[in-house]
Amino acid sequence: MISVEEALALVFKNSFAITKTEKLPLAQCLNKILANSIEAPLNLPSYKLSSMDGYALNLHDAHEYSIVGEVKAGDSINPKLEIGECVRIFTGAVVPDSANAVVMQEKTTTDGNRIKIDTVIKSGDNIRPVGSQVKKGSFPLKKGQVLQASGMAFLQSLGIQQVEVFKAPKVTLVLTGNELISSHEKLTRGKIYESNSILLEAALHQQGIETQRISFTEDTLKGTIEVLKKAFLSSDVVLVSGGISVGDYDFVKQALEALKVKEVFYKVRQRPGKPLFFGKKENRFVFALPGNPASTLSCFYVYVLPLLARLRGSQSQGLIRVSMPLTHDFHSKEPRALFLKAHVENKTVTVLDGQHSSMLVSFARANALVYIPENGVSLKKGASVEVLLLPNIILT
Ligand code: AMP
Ligand code: MG
């Protein structure tokens with residue numbers, strides 16, 4: 001059995017970037033990773049623009065200007081201003097070539113066709129110069145950048161319609177367990193509604209990765225081998241749920257051995273998720289995740305996320321880790337490292353009730369995990385703990 005840190009180091013050491021890329025329309029690029037640095041095809045802004053509602057001035061020493069026209073956003077006119085003249089102008093409108101500053105309207109008083117300025121104005125004030133955000137020919141977004149809403153919009157503002165992104169790894173889910181039924185079926189004695197498929201599918205979707213296939217097998221060696229064999233044919237990553245522990249009906253380890261999967265590690269000194277398996281078959285990866293739903297998700301966030309990131313050319317270590325004070329005392333004599341479902345609020349963190357690995361309810365309420373290293377702790381309220389922020393949460 002190895003430590004959390006050793007296990008993570010092995011994930012990093014054994015992963016590599018998939019170099020296959022694809023060209024996608026911008027609208028399909030949320031959470032995709034740029035395969036090339038992007039060259040700006042134009043200056044942003046492309047024209048010198050007013051950043052205020054006010055008056056564009058051809059500066060002179062006096063404080064009074066005569067108004068000779070108006071330019072609003074979208075207009076293409078370029079009125080010629082003599083020294084001491086101005087035009088009414090609005091935010092986003094093109095500043096006339098002959099104007100060298102804009103004064104905001106709040107700093108002026110108007111009197112018919114004249115304005116008086118009650119502030120000091122310098123050349124260039126309130127003008128967004130051509131290329132001041134981005135220069136044509138520069139590379140504002142580099143290879144490896146994850147495209148979020150802002151990145152997509154930024155590229156759109158450059159008039160870019162398609163981008164080359166790293167192909168997301170192909171991921172197949174394999175769910176094991178005789179007891180599993182779908183929520184469409186009637187619940188009968190001995191069965192449970194299966195939930196790890198939607199859990200993993202949604203967690204992958206959140207990373208911009210669509211699940212390639214979802215397969216199920218009963219707890220038999222033959223069935224498990226068959227379903228895993230198929231999964232390896234068409235995937236970069238196989239995520240198995242359940243059947244990896246030491247029970248008489250846990251066949252995943254045996255099936256992986258039969259399929260000549262090379263074990264990188266099996267069993268981590270952690271709670272939840274001790275019987276976690278990570279292996280490789282040529283350039284394909286497999287994680288066998290313990291079936292208890294909270295173990296499955298915890299292992300996904302801590303170990304699978306960094307692997308997926310690296311496969312897509314990112315060096316991310318996974319969930320963002322921060323240090324935060326506890327809202328309560330916390331004592332534990334647990335020899336294994338703990339990942340505790342927790343809630344972050346007002347820059348403090350509270351460990352939630354219901355930490356058993358079978359309990360999803362606390363995970364459903366959590367926005368973070370608290371990491372407690374091996375061999376227990378005795379912490380007072382206010383003590384700092386390491387917190388892993390769950391993805392895409394809005395902290396309250
Ligand atoms: P296992 O890892 O196969 O020993 O399963 C551990 C526990 O997780 C058992 O109580 C299973 O019923 C439960 N479990 C396994 N797979 C799933 C699943 N896909 N959805 C919900 N619970 C599951
Ligand atoms: Mg099972």
Checklist entry - What's the number of the condition Ala9 fails, among (1) open to solvent by 60 Å² or more (accessible area, probe 1.4 Å); (2) of a type in the set (Gly, Ala, Ser); (3) free of Cβ contacts under 8 Å to residues at least 12 places away in the same chain? => result (1)
Checklist entry - Can you pull out the residues in segment 184-213 that are surrounded by 17 or more Cβ atoms within 10 Å (Cβ to Cβ) and part of a loop (DSSP other than H, G, I, E, B)? => result Glu194, Gln207, Gly208, Ile209
Next on the checklist: Can you report the number of residues in segment 150-180 which are in contact with an Asp or Glu (Cβ under 6 Å, 6 or more places away or on another chain), within 16 Å of ligand 1 (Cβ to nearest atom) and open to solvent by 50 Å² or more (accessible area, probe 1.4 Å)?
Outcome noted: 1
Checklist entry - Across segment 205-230, which residue is nearest to Pro169 (Cα to Cα) among those that are more than 15 Å from ligand 1 (Cβ to nearest atom) and aliphatic (A, V, I, L, M)? => result Ile209
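Within segment 239-254, is there a residue that is in contact with a Cys (Cβ under 9 Å, 6 or more places away or on another chain), at positive phi and within 16 Å of ligand 2 (Cβ to nearest atom)?
Scanning segment 239-254, I find no residue that is in contact with a Cys (Cβ under 9 Å, 6 or more places away or on another chain), at positive phi and within 16 Å of ligand 2 (Cβ to nearest atom), so the answer is no.
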Item to check | Condition broken by Pro306, with the remaining ones in (1) outside any loop (DSSP other than H, G, I, E, B); (2) within 16 Å of ligand 1 (Cβ to nearest atom); (3) touching a Gly at 6+ places or on another chain (Cβ under 6 Å) satisfied | outcome: (2)
Next on the checklist: For segment 136-149, check the following and say yes or no: at least one residue is open to solvent by 90 Å² or more (accessible area, probe 1.4 Å) and not assigned by TED's automatic domain parsing to the domain that holds Leu34.
Outcome noted: no
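Quick one: in segment 96-126, which of the residues that are in a loop (DSSP other than H, G, I, E, B) and polar (S, T, N, Q) is most open to solvent (accessible area, probe 1.4 Å)? Reasoning before the result, please.
Within segment 96-126, the subset in a loop (DSSP other than H, G, I, E, B) is 96-100, 112-113, 118-126.
Those still in the list that are polar (S, T, N, Q) too: 98, 100, 113, 119, 123, 126.
Numbers: Ser98: 27, Asn100: 52, Asn113: 110, Thr119: 44, Ser123: 88, Asn126: 45 Å².
Once the filter is applied, the top-ranked residue is Asn113.
The values are calculated or read from the model by the stated rules, or taken from the named source; none is laboratory data. Quick caveat: nothing in here was measured; it's all calculated off a predicted structure. All Cβ positions, glycine included, derive from the backbone under ideal geometry; neighbour counts span all protein chains shown. The area values use the complete protein model at the heavy-atom level, side chains included, leaving out ligands, DNA and RNA. Shrake-Rupley method; radii C 1.70, N 1.55, O 1.52, S 1.80 Å.
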